[in-house]
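Undergrad: Below is one structure. I have some questions about it.
Computed from the coordinates by the stated procedures, all read-outs in this text should not be read as laboratory data. Only a predicted model underlies this, so the values are computations on that prediction, with no experimental measurement involved. As a convention, Cβ positions derive from the backbone with ideal geometry for all residues, glycine included, and neighbour counts pool all protein chains shown.
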Amino acid sequence: MIRFSTSVHKISMFNRTLSAILVTSALLSQSVGISPVQAASAASVASAVTKPASITVDSQSVTWEYAPFVEKGTTYAPLRQAAAALGGQVKWNQAKQTVEIYDHGDTITHRAGTNVIQINEVRLMLPAPSKNMSGTLMIPLRSLSDAMKAGLQLTNTSSQMIITLKSDSSTIMSSESAAIDQYLKEAGYSGIALIASNGDIQLRKGYGLSDHNSLVRPDQKSRIASITKGFTAAAIMQQVQQGNISLEDPVSKYVSGIDRGNEITIHMLLSHTSGLPSNFTRAEGITMEDTLAEIRTKKLMAEPGAEYRYSNNGYILLAAILERVSGKEYGVYLHEQFFKPIGMKDTGTATPSTKTIKGYTDQKGTWAEASYYVSQSGTGTLYSTVDDLLKWDQALRGNKVLSEEIQETMYTPYSDRNYGYGWMVSETEEGTVVFHNGSGTGYSTGISRNLDNGITVILLGNHAGMDMTGMLNHIQEMALK
């Protein structure tokens, strides 16, 4: 790879009088203008460190008309040229003294001389304000790359600065999905979204913040909450397919001490018709056996098989039954039977050290970082990515992990709430849609799969309380237009 060094501007050029700076700053630098008042910032960088710079963007060597420099540990680069090199369309709003960058459906704005950059409705703080250098707006490069979801590697040697940039390749947005993207932005959605048609990705994008000053990127991991139940049901049905479990087996065959466990069947647990209550104690360090001991103390809220009552405890029991039948821990079984064969490398059982996008809860009108989301095996412990969940969707559609007959059993509603086994079922004009939403401390998630037209919608949201079912349904409809 051939690299070219940028020209180095001498520090002495900045030692001008203030009036001279104000005159110079009135000139626009290739469509990006700076106000005369903000031009005074040039005088503050006399101590900046400049050296030859080798700049590579997407494996191509580039030169910038104004050399990047380092001041107080922050690397500055020319905003217009850097943003354009990363694929953004850059405009200068003279009236607002604001740079506007359009990238992957997002509007990125920055007012010259401030330390804020805004992506749609989300604000990121810069480590220092942008600076006008002879009519060229210089901005902290890492902040710009973060705003454009680009990759950045900075290396400083004694003789040169090496800048390696990689434009955002993880975001996918087809022209057909522009309306869905706009809908998600207007809805205030925060998290990761993926829409695919027969496995072909139409939209793959991150929205909002993943932590206090970083944007969500579409390749990040997230807790999936009750989408976990679809994996639990699939694991049990795999055991049914292999003849190791019968849907009519009573719970008491595998777990003792459950109220009327001799009447509650595997089928009832899967379809949420067991009558078991839903809630269980959530605290770090509680084991499966601890939770089972708690479930043994609970009384039924309805007759076994009489009605639909969503029950987390029922799916915890299914995980316990799976462990007893297979001889493997719940997470190990899923990894060996599903995740590894399908290639779901970024899916597993979450722990406090698992790096996922942060969850947020509404605290008096302000989104505050939520505490760690504690769950139990079978009901909500998994993390994943939208890419891995699409692999799961395609594996199911291709009958790679479960037979078509077994899946038909899973996608059959068994109550007036249209719940099958790990999936809710909806009959629409466009075909049968199976879906599941999830909620956990700071998270709202959902997956929706039209079995007939091949549309798959995956939402891994990191704001609690979002209407996932409504959003899934609306996006399914929009995807057909």
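Undergrad: Over its Cα atoms, what ratio of radius of gyration to 2.2 N^0.38 Å does the chain give?
TA: So the chain has a normalised radius of gyration of 1.18.
Undergrad: Now for a separate question. So in the chain, what percent of DSSP beta bridges are antiparallel if you round to the nearest 5? Let's see the in-between values first.
TA: Values: 84 of 90 bridges.
Approximately 95 percent, going by the DSSP bridge assignments.
Undergrad: Oh, and also: What number in nm² do you get for segment 157-294 if you take the convex hull of its Cα atoms and divide its surface by four?
TA: Details: hull surface 63.0 nm².
Directional mean of the projected Cα hull area for segment 157-294 stands at 15.7 nm².
Undergrad: Per 0.36 nm of contour for each residue apart, how much would the distance between residue 158 and residue 354 grow if the chain were fully extended, relative to their Cα-Cα spacing?
TA: Here the segment from residue 158 to residue 354 would lengthen by 66.8 nm.
Undergrad: With the Cα gyration tensor of segment 273-410 in hand, convert its eigenvalues to equivalent ellipsoid semi-axes via √(5λ) and list them largest first in whole Å.
TA: Values: eigenvalues 126, 115, 52 Å².
Working from the Cα gyration tensor, I get semi-axes of 25, 24, 16 Å.
Undergrad: Seen from all sides and averaged, what is the projected area of the convex hull of the Cα atoms in segment 141-192, in nm²? Could the numbers behind the result be given before it?
TA: On the way: hull surface 18.7 nm².
The orientation-averaged projected area of the Cα hull of segment 141-192 comes to 4.7 nm².
Undergrad: At each listed q (0.09, 0.11 Å⁻¹), what is the log10 of I(q)/I(0) that the Debye formula gives for segment 234-354 modelled as equal alpha-carbon point scatterers?
TA: Here log10 of I(q) over I(0) equals -0.26, -0.38.
Undergrad: Under Stokes-Einstein, with the Kirkwood radius over Cα pairs standing in for Rh, what whole-number D in µm²/s applies to segment 386-481 at 10 °C and 1.306 mPa s? Intermediate values should be presented prior to the final figure.
TA: Values: Rh = 13.8 Å.
Estimated diffusion coefficient is 115 µm²/s.
Undergrad: Among all the aspartates and glutamates, which ones have a C-alpha under 20 Å from residue 345's C-alpha, if same-chain residues fewer than 8 places away are not counted?
TA: 200, 219, 329, 336, 387, 388, 393
Undergrad: Still on this structure: If one computes the Cα centroid of segment 143-206 and of segment 386-453, what distance in Å separates the two points?
TA: 28 Å
Undergrad: Work out the length of the dipole vector of the chain about its Cα centre, built from +1 on the beta-carbon of each Lys and Arg and -1 on the beta-carbon of each Asp and Glu, and round it to the nearest 20 debye.
TA: On the way: 41 positive and 44 negative charges, 449 e Å.
Using only the charged Cβ atoms, the result is roughly 2160 debye.
Undergrad: Continuing with the same structure: Under a Cβ-Cβ cut-off of 13 Å, what is the net charge of the residues other than residue 356 that fall near it, where Lys and Arg count +1 and Asp and Glu count -1?
TA: 0
Undergrad: Could you work out how far apart the two model spin labels at residue 281 and residue 89 are, taking each label as a point 7 Å from the Cα in the direction of the beta carbon, and quote it in nm?
TA: With each label point 7 Å from Cα toward Cβ, the separation is 5.9 nm.
Undergrad: Straight-line reach from residue 51: which aspartates and glutamates have a Cα under 16 Å away, not including same-chain ones fewer than 8 places off?
TA: Excluding near neighbours in sequence, the set is 65, 71.
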